[in-house]
Amino acid sequence: MNKKISAAVASAALVLGATSANAGIIIPAGEWTLDVNGNVNVYATMMNHDDTTATTITGGIAGVQDPFGEDKNQSINTGLLPAWLGFTGTTRQNDLDVSFTISMQPNVSTNVTTGDQAGPLWRQAFLTFGDKSWGSVKMGKDLGIFAGNAILSDMTLLGVGGSFGNSGAPTTLGGIGTGYIYPAWKGQITYTTPNFNGFTAKVGIFNPNQVADADQAAITAAGLSAYQDRFGVEGQLEYAFDAGKVWVSGASYKVQSDLGALIEWDAEALDIGTSLNFGNLGVVAYYYNGDGVGTTSYGVLGATAGGVARESDGGYVQATYVIPSGTKLGVAYGISKLDEASGETNADLVNKNRRWTVGAYHPLTKHLNLVAEYNSITSEAQDNTERESDALSLGAILFF
């Protein structure tokens, strides 16, 4: 892989899964070393939806005409990575490597007249301590383990991928919901082993985030307590070698929601993936399978109103090639499938979300990449009804 593109991808991995690695602006500060890092990315995205005003498929990603009959929209916005400003401090004390990371994610656009609507996200606030002899511990909010490698290996991390096309949105979907489930940003206590000849393992307990359709107000009004009675558990085993890496990971949660009543169900998933590089050629293959995990985000549409879990699976394949100019060309196909629960008949429920992506990522400088992407999203309901959205995105991403 071209060294300039490799640096950009490495920076993206740092931004999304930072620990104590340094890749930004290094500032010595007494016993500490401060790393100021991040990115700014901006894309002009032009979307074309199906020429229909029919009801959007529940859980579908593709869009339809708006109420005024308009089937096209445009936005100037960030891509899969929001704009990012991170601060990581590292030190060595009492035979321990100690670090902290705090980051914020401001937007580059908004959709209100004054331009002042969107506040920043706060995705990271964690500490780490450890030693290469016995491993390290992370405590705080960071990217989840399950499906983490899937998003970090996605070429649309440097671009847009799936997009709602709305100005002011803090981020697009990339391949989320069309090949993998969003790892999300979760409070956690995670242990990572030392590197044993390329093998590493990590396992953690996680804050059991409420699923997106849980209605806290309704639960409170009913005089009930919204709680989950155990931590989530996530883990991963990875083997890294000269040509790339192979990994398996899993997650187990007890999800609580109020889909007609206060209910809980178990949500468990496993995945397997590989990322390989052969000279200028890069290949990624990934697959996941889950019960009760739903689609797009963990737990969403994972069960019926009565708490009967739905099965889901999906994955993506991706190939990239760096041509002599340094431009990385890539193509990817991803799919996420959701089955009806036993005995369920729900014609409007999504059955499949599929994505084709063709992209070009050109390193204009060591830190600045120009990006052009075409994405086609198809959503199919259980009754085989389909909706399609196509998008062309042009822009740039700058890492520091």
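The values are calculated or read from the model by the stated rules, or taken from the named source; none is laboratory data. Please read these numbers as outputs of a predicted model, since none were measured by experiment. Positions of Cβ are backbone-derived with ideal geometry, glycine not excepted, and every protein chain shown enters the neighbour counts.
Name the residue that is modelled with the highest pLDDT, counting only residues in region 141-171 that are part of a strand (DSSP E or B) and within 18 Å of Ser336 (Cα to Cα). Of everything passing the filter in region 141-171, Gly161 is modelled with the highest pLDDT.
The condition (being among the polar types (S, T, N, Q), in contact (Cβ under 8 Å) with a residue 12 or more places away in the chain and not in a strand (DSSP E or B)) is satisfied by just one residue among Asn369, Asn346, Asn351: Asn346. The numbered conditions (1) in a strand (DSSP E or B); (2) at pLDDT below 85; (3) farther than 24 Å from Lys202 by Cα are all true for Val283 except (2). Checked against the criterion of being modelled with pLDDT under 95, over 23 Å from Gly175 (Cα atoms), part of a loop (DSSP other than H, G, I, E, B) and not aliphatic (A, V, I, L, M), region 251-261 contains one or more residues that satisfy it. No other residue among Ser376, Ser389, Ser325 is polar (S, T, N, Q), over 21 Å from Leu270 (Cβ atoms) and in contact with a Phe, Trp or Tyr (Cβ under 6 Å, 6 or more places away or on another chain) apart from Ser376. Leu121: modelled with pLDDT under 95 and in contact with a helix residue (DSSP H, G or I) (Cβ under 8 Å, 6 or more places away or on another chain), yes or no? Criteria not met by Leu121. Candidates in region 286-311 are the residues that are part of a strand (DSSP E or B), touching a residue at least 40 places away in the same chain (Cβ under 8 Å) and under 21 Å from the mean Cα position of the chain (by Cα); of these, the one that is farthest from Trp356 (Cα to Cα) is Gly290. In region 118-140, what residues are part of a strand (DSSP E or B) and without any contact (Cβ under 8 Å) to a residue 24 or more places away in the chain? Once the filter is applied, which keeps residues that are part of a strand (DSSP E or B) and without any contact (Cβ under 8 Å) to a residue 24 or more places away in the chain, region 118-140 yields only Trp122. In region 175-199, the residues that are on the phi > 0 side of the Ramachandran plot and touching a residue at least 40 places away in the same chain (Cβ under 8 Å) form Cβ pairs under 9 Å with partners that are aromatic (Phe, Trp, Tyr) and part of a strand (DSSP E or B), at six or more places apart or across chains, as follows: Gly179/Tyr286; Gly179/Tyr288; Gly179/Tyr316; Gly179/Tyr333; Gly198/Tyr239; Gly198/Phe241.
Filter region 74-89 down to the residues that are among the aromatic types (Phe, Trp, Tyr) and closer than 28 Å to Met46 by Cβ and list them by number. Selection gives Trp84 alone. Within region 83-98, can one find any residue that is assigned to a loop (DSSP other than H, G, I, E, B), of a type in the set (A, V, I, L, M) and under 22 Å from Val371 (Cβ atoms)? Yes; the residues of region 83-98 include at least one that is assigned to a loop (DSSP other than H, G, I, E, B), of a type in the set (A, V, I, L, M) and under 22 Å from Val371 (Cβ atoms). Here Gln236 clears all of (1) surrounded by 16 or more Cβ atoms within 10 Å (Cβ to Cβ); (2) assigned to a loop (DSSP other than H, G, I, E, B); (3) modelled with pLDDT of 90 or more; (4) not aromatic (Phe, Trp, Tyr) except the condition numbered (2). Candidates are the residues of region 93-107 that are under 21 Å from Trp185 (Cα atoms) and in contact (Cβ under 8 Å) with a residue 60 or more places away in the chain; the one that is surrounded by the fewest Cβ atoms within 10 Å (Cβ to Cβ) is Asn107. What about Thr274, is it closer than 24 Å to Val203 by Cα and more than 16 Å from the chain's Cα centre (by Cα)? So Thr274 passes the test.
Within region 372-394, is there a residue that is surrounded by 19 or more Cβ atoms within 10 Å (Cβ to Cβ) and farther than 25 Å from Ala62 by Cβ?
For region 372-394, residues surrounded by 19 or more Cβ atoms within 10 Å (Cβ to Cβ) and farther than 25 Å from Ala62 by Cβ: absent.
Can you find a residue in region 183-194 that is in contact with a helix residue (DSSP H, G or I) (Cβ under 9 Å, 6 or more places away or on another chain) and modelled with pLDDT of 95 or more? Scanning region 183-194, I find at least one residue that is in contact with a helix residue (DSSP H, G or I) (Cβ under 9 Å, 6 or more places away or on another chain) and modelled with pLDDT of 95 or more, so the answer is yes. Taking the criterion of being surrounded by 21 or more Cβ atoms within 10 Å (Cβ to Cβ), of a type in the set (A, V, I, L, M, F, W, C) and within 14 Å of Val331 (Cα to Cα), the only residue of region 350-371 that qualifies is Val371. Of the residues making up region 172-184, those that are hydroxyl-bearing (Ser, Thr, Tyr) and part of a loop (DSSP other than H, G, I, E, B) are Thr172, Thr178. None of Val308, Val300 is among the β-branched types (Val, Ile, Thr), within 23 Å of Trp185 (Cβ to Cβ) and at pLDDT below 95 except Val300.
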